[in-house]
Amino acid sequence: MITTNKDRLVKMAVMGEVNHPSARSGYRVDWDGQPRVGLGMSGVKYNVAVGDPIYHHEEGEHTEPGLSMTNSNPGEGQALAVLSCIGNEVTVVSGDAKGVKGRITGKHGAFLVWFPPEAQEKICPGDKLRVKSWGTGLQVVGFEEKVRANKIDPELLEKMGIEEKDGKLVVPVVNEYPCWMMGSGYGMHPVTIDYDIQTTCPEVWDEFKLKEIRFGDVVCLHDQLNWWGRGYYKGAISIGIVIHGWSYSAGHGPGITTILSSKDAAIVPKIDPDANIAHYLGIK
């Protein structure tokens, strides 16, 4: 098993709130010119959860599981975006579900949060949420110069079955994808936003089993370097978590928040169909 510097990482409270769906006026046009309403982002989802398949949602477009959390105050919103990590504990601090605890499951434009279904029924847009942020500065001991960790709670990372073998980190993943499938989000910083596996080309959907992806799946991206930005780097390996659903918009698709990245073959993927954070967090 791996060892991290978690005992030296600062834990602190940051605040967010449940945001409201912001439906577009009219239709958006798909990659092939077809109009679509495009439901999916923001708000509270009662019947979409981490661990569920990302495909088959009617009018689904970047569908987010659970609920979506932001902070409209510019400074506080930036703190929330930078400091909070996947797996961090979230507590409802206002409204009918006050006191209930959940977990962050992804970083899109907003954070995506899981709460128990009975609590989800009581949560409304505008309810205040407190995050116990922990994970900024995380490093894997012995791999400080080889592997960058990003947006992951240290205790969640420890539950993911990662092993050190022959000087490399062996990471369980559900599937592996080539660099040329990556689209929206290229060049952006991995700390604050995800990027997408493109679903613009129907011919590759079956080849790479894209319709079988689940929210929370851990996946491997080949020749992708996610250190100070995102881009092609031959031989690089990045590990990410699927955080939002299918897209019919050009250059878009399932969203990936990257959690580990190496440019010198220090990461080795190992196929495991159960490599999903819903399993690791015990929330499905």
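The values are calculated or read from the model by the stated rules, or taken from the named source; none is laboratory data. Please read these numbers as outputs of a predicted model, since none were measured by experiment. Please note: Cβ atoms are built from the backbone with ideal geometry, for glycine as well, and neighbour counts cover all protein chains shown.
Taking residues in segment 73-94 that are assigned by TED's automatic domain parsing to the domain that holds residue 159, and partners anywhere that are surrounded by fewer than 19 Cβ atoms within 10 Å (Cβ to Cβ), not one pair has Cβ atoms closer than 7 Å while being at least 6 places apart or on different chains. Can you tell me which condition residue 171 does not meet? The list is (1) over 22 Å from the mean Cα position of the chain (by Cα); (2) farther than 23 Å from residue 83 by Cβ, and all the others hold. Failing condition for residue 171: (1).
Here's the yes/no breakdown for (1) within 26 Å of residue 279 (Cα to Cα); (2) crowded, with 17+ Cβ neighbours inside 10 Å; (3) of a type in the set (Val, Ile, Thr):
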site	(1), (2), (3)
181	no, yes, no
184	no, yes, no
194	yes, yes, no
197	yes, yes, yes
203	no, no, no
206	yes, no, no
210	yes, yes, no
219	yes, yes, yes
225	no, yes, no
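Reported count of residues in segment 231-284, each being closer than 24 Å to residue 102 by Cα, part of a loop (DSSP other than H, G, I, E, B) and touching an Asp or Glu at 6+ places or on another chain (Cβ under 8 Å), is 3.
Would you say residue 253 is small (Gly, Ala, Ser), in contact (Cβ under 8 Å) with a residue 60 or more places away in the chain and within 17 Å of residue 112 (Cβ to Cβ)? The answer is yes for residue 253. Taking the stated definitions as given, is residue 14 touching a Ser or Thr at 6+ places or on another chain (Cβ under 8 Å), in contact (Cβ under 8 Å) with a residue 24 or more places away in the chain and assigned to a loop (DSSP other than H, G, I, E, B)? Criteria not met by residue 14. Scanning segment 3-20 turns up no residue that is out of contact with any helix residue (DSSP H, G or I) (no Cβ under 7 Å at 6 or more places or on another chain), modelled with pLDDT under 90 and hydroxyl-bearing (Ser, Thr, Tyr).
Each residue in segment 60-118 was checked for being basic (Lys, Arg) and over 12 Å from residue 129 (Cβ atoms), and 1 of them qualify. Residue 205 meets each of the listed conditions (1) in contact (Cβ under 8 Å) with a residue 24 or more places away in the chain; (2) touching a Lys or Arg at 6+ places or on another chain (Cβ under 7 Å) apart from (1).
Here segment 137-174 is the region considered, the condition is being part of a loop (DSSP other than H, G, I, E, B) and aliphatic (A, V, I, L, M), and the residue that is nearest to residue 105 (Cα to Cα) is 160.
Taking segment 39-65 as the range and being touching a Leu at 6+ places or on another chain (Cβ under 8 Å), of a type in the set (Gly, Ala, Ser) and in a loop (DSSP other than H, G, I, E, B) as the test, only 43 passes. Contact list please: Cβ distance under 7 Å, first residue in segment 109-131 and over 18 Å from residue 84 (Cα atoms) and among the aliphatic types (A, V, I, L, M), second residue assigned to a loop (DSSP other than H, G, I, E, B) and modelled with pLDDT under 95, pairs at least six apart or on different chains. As it stands, the answer is none, since no pair meets every condition given. Looking across segment 18-28, the residues that are closer than 15 Å to residue 247 by Cβ and either in a loop (DSSP other than H, G, I, E, B) or free of Cβ contacts under 8 Å to residues at least 60 places away in the same chain (or both) come down to 24, 27. The set of residues in segment 71-116 that are among the hydroxyl-bearing types (Ser, Thr, Tyr) and either surrounded by 20 or more Cβ atoms within 10 Å (Cβ to Cβ) or assigned to a loop (DSSP other than H, G, I, E, B) (or both) comprises 72, 84, 94, 105. When the test is whether a residue is farther than 25 Å from residue 15 by Cα, touching a Pro at 6+ places or on another chain (Cβ under 7 Å) and not small (Gly, Ala, Ser), residue 226 passes it. Give the residues of segment 29-55 that are polar (S, T, N, Q) and buried (at least 17 other Cβ atoms within 10 Å of the Cβ), sorted by residue number. Matches in segment 29-55: 42 only. Picking from residues in segment 197-230 that are polar (S, T, N, Q) and part of a loop (DSSP other than H, G, I, E, B), the one that is modelled with the highest pLDDT is 198.
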